[in-house]
């Protein structure tokens, strides 16, 4: 998380029909079918969604032995995507172009340092945090110990049954100059 940005809360109202019970249970294939129901069957659901505005993040993808795509192909597609990229909702497109860069490193910490040296300057008005906040999950060769672990229940197991599996998310936070000096010491001593 290079710049956390600001948190924005969006208030939503959505009209949905009652799905019925037992013999009267209905399933709808498309949104038009839901809205074709008589007005007395349609209710309004109120909800809020949280978004980050002006956040800048660095995402590291590690190649695996059986990956269906090469990292260079992924980087090429990110440079010129076929569709508009968005985060969460189509109404939230990216405001800056992506900067995909393929590096070779022993771990994600080393890859971050190599990438960080190539990154263009942040646009004016967006703060460049002096702290590096890193989040990762099981199986990533990180190169640093986690400061905290959080159990998340967001790994989709079955979309039809809305069943999610647990996954452990690890995180660490430290000054940016600590990463630079630590990796620099490793590269000069090896």
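Given the structure, is residue 47 under 30 Å from residue 5 (Cα atoms), outside the structural domain of residue 109 (by TED's automatic domain parsing) and more than 18 Å from the chain's Cα centre (by Cα)? Give the steps one after another, and end with the answer.
On the way: under 30 Å from residue 5 (Cα atoms): yes; outside the structural domain of residue 109 (by TED's automatic domain parsing): yes; more than 18 Å from the chain's Cα centre (by Cα): yes.
Here the answer is yes, as residue 47 does meet what is asked.
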**Prompt:** Out of the residues in the range 41-86 that are in contact (Cβ under 8 Å) with a residue 24 or more places away in the chain and assigned to a loop (DSSP other than H, G, I, E, B), which is farthest from residue 141 (Cα to Cα)?
**Reply:** 54
**Asked** Which condition does residue 105 not pass, out of (1) out of contact with any helix residue (DSSP H, G or I) (no Cβ under 6 Å at 6 or more places or on another chain); (2) at pLDDT 75 or above, if it passes all the others?
**Response** (1)
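Have a look at 61, 30, 42 and point out the one that is closer than 28 Å to residue 12 by Cα, modelled with pLDDT under 90 and in contact with a helix residue (DSSP H, G or I) (Cβ under 8 Å, 6 or more places away or on another chain). Even if it seems obvious, please write down each step before you answer.
Working: 61 fails: closer than 28 Å to residue 12 by Cα; 30 fails: in contact with a helix residue (DSSP H, G or I) (Cβ under 8 Å, 6 or more places away or on another chain).
It is 42.
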**Asked** Looking at the range 80-88, is at least one residue closer than 30 Å to residue 8 by Cα, surrounded by 15 or more Cβ atoms within 10 Å (Cβ to Cβ) and within 16 Å of the chain's Cα centre (by Cα)?
**Response** no
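The values are calculated or read from the model by the stated rules, or taken from the named source; none is laboratory data. Model, not experiment: these values are computed from the prediction. Ideal geometry is used to build each Cβ from the backbone, glycine not excepted, and the neighbour counts take in all protein chains shown.
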